[in-house]
Every structure is written in C-alpha cells, then in structure tokens.
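Rule-based calculations on the coordinates, nothing more; no lab input. Computed from a predicted structure; not experimentally measured. Glycine gets a Cβ as well: all are built from the backbone with ideal geometry, and neighbour counts include every protein chain shown.
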Amino acid sequence: MPGHKLFFALRPDNESAERIARVAAAEREARGLAARLRPTRVFHITLHYFGAFAGEPDAGLVDLASRAASEVVRPAFDLAFEAIESWGGAQVRQHPFVLTGGQGLEAVRDLRDALVERLVAHGLAAPERDYEPHLTLRYDKHVAAGWPVELPGWVASEFALVKSPQGLTRHDVIGRWPLQP
C-alpha cells in the first residue's frame, strides 16, 4: 500500500483551474520557460499539512481534523494571485514554481488561521511555521526569476480534507466544509 499525504486545502473548480493553467502556461512560454504544468486536477492551496503517512492516514487524526473543520465558520471569498515565483535555494533538487499573492490571498490566511485555531482546540499540533499561501504550478530543476501577474483565482466556497497517495498525482477528498455565502 502506498503512503499518503494528508492536508486541508482550497481547490479551484475545473473551469477556474483550466483558466489558471492557460494563463500560467502562456506566461511561462512568453519568458522562454517550459509551459508544461502539473495536472489541473491537483491544483490547490494548502491550508494545513498533517504530513506523510506510511499507509493510510490515522483514522483518529482524520476524525479529530474533521470535527475541528466542522467548527470553522467563515465567509466565502474571492481569491487572486499577484505573482509567479520560483522557490528554493541551491540545495533544493526540485524548485516549486508557484502562484502567490499579497492582498489577493489575505482571506486564505484568515481561513488558515481560523482552521488552525480549531485544530489546536481539538488537541492537534499547530504548524511549526507560517507559510505563504500559494498554488504550485510545477516543479523545475532550476530557479527562475519571478514576475508580477494579475490573475483572478476563484470564489472559495468550501475547503476540503484531502489525502494524496504518494506518486500517483491524485487527490482523494475525504470531506468538504462549506464557507458561508
């Protein structure tokens, strides 16, 4: 049985994911970079990462995480990206090439913080560090200079608990929690 990663995420609808991929691929190609991206079916913004598990994620953890998620009450929101960046230093083999945003992702940060608050209230660990919300487009062997971009994301109307089997480029949604209209 393959291992799994477990995380909470915001996921774009199919139409938004395809639009984001078209714009990002064209932006990369215009700069002489490979246009090939990760499959849109795995596009997401991670809200909380629980880690990688040797087999299936622990059922008790999934239950606690689900209960915590059900207590998060936040409004739905528009999100947008403001830059395309390449992350990682010389010691990194695969550099994430990502969409990021300042103000356009502020509501993502607020949702992440509210979710972490509920997870901690249920006895689960807070992340070791804050991270910049982002959507990974691909992994590259080389770092490339970033550039600004105005790219609408989607209306985040729900968040999901996802398990991802190692090496299969697949996301299996365990549960979904709506954001308030």
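Which angle from 0 to 90°, rounded to the nearest 10, does the C-alpha axis of helix 59-70 make with the longest principal axis of the chain?
Between helix and principal axis, roughly 80 degrees.
Sticking to Cα atoms, compute the Rg of the stretch 108-170 to one decimal and its Dmax as the biggest Cα-Cα distance, whole number, in Å.
Final numbers for Rg and Dmax: 15.5, 41 Å.
Quick one: helix 106-121 against the long Cα principal axis of the chain, what's the angle to the nearest 10°, folded into 0 to 90?
Taking the Cα atoms of the chain, the angle to 106-121 is about 30 degrees.
What is the set of long-range amide H partners of A76 at a cut-off below 5 Å, with H atoms built 1.01 Å from backbone N?
HN-HN under 5 Å from A76: Q180.
If you filter the stretch 105-145 for GluC sites (Glu not before Pro), then keep DSSP loop positions with at most 16 other Cβ within 10 Å, what is left?
In loop regions of the stretch 105-145 (DSSP not H, G, I, E or B), the sparsely surrounded GluC sites (Glu not before Pro) are E128.
Once phi is turned into θ = phi - 60°, what whole-Hz ³J(HN,Hα) does the Karplus curve with 6.51, -1.76 and 1.60 give for every residue of the stretch 46-58, x standing for Gly and Pro?
Running phi through 6.51 cos²θ - 1.76 cosθ + 1.60 with θ = phi - 60° gives 6, 9, 7, 10, 8, x, 9, 10, 4, x, 5, x, 4 Hz.
Quick one: compute the contact order of the chain, relative version, from alpha carbon pairs under 8 angstrom and 6+ residues apart, as a percent.
Relative contact order here is 33 percent.
Under a no-solvent Debye model with one identical scatterer per Cα of the stretch 58-112, what's log10 I(q)/I(0) at q = 0.19, 0.24 Å⁻¹?
Taken in order of the listed q values, log10 I(q)/I(0) reads -0.83, -0.88.
State, to one decimal in nm, how far the label point of H142 lies from the label point of A34, with both points 7 Å from Cα in the Cβ direction.
Output for this residue pair reads 1.2 nm.
Full extension from V42 to A59: what is 0.36 nm times the residue separation minus their Cα-Cα distance, to one decimal in nm?
3.8 nm
Quick one: which residues, 5 or more positions from L151 or on another chain, have an amide H under 5 Å from its amide H? H modelled 1.01 Å from N in the peptide plane, none for Pro or chain starts.
F81
Measure nothing fancy, just the Cα-based angle from helix 14-30's long axis to the longest principal axis of the chain, in degrees from 0 to 90, nearest 10.
It works out to around 30 degrees.
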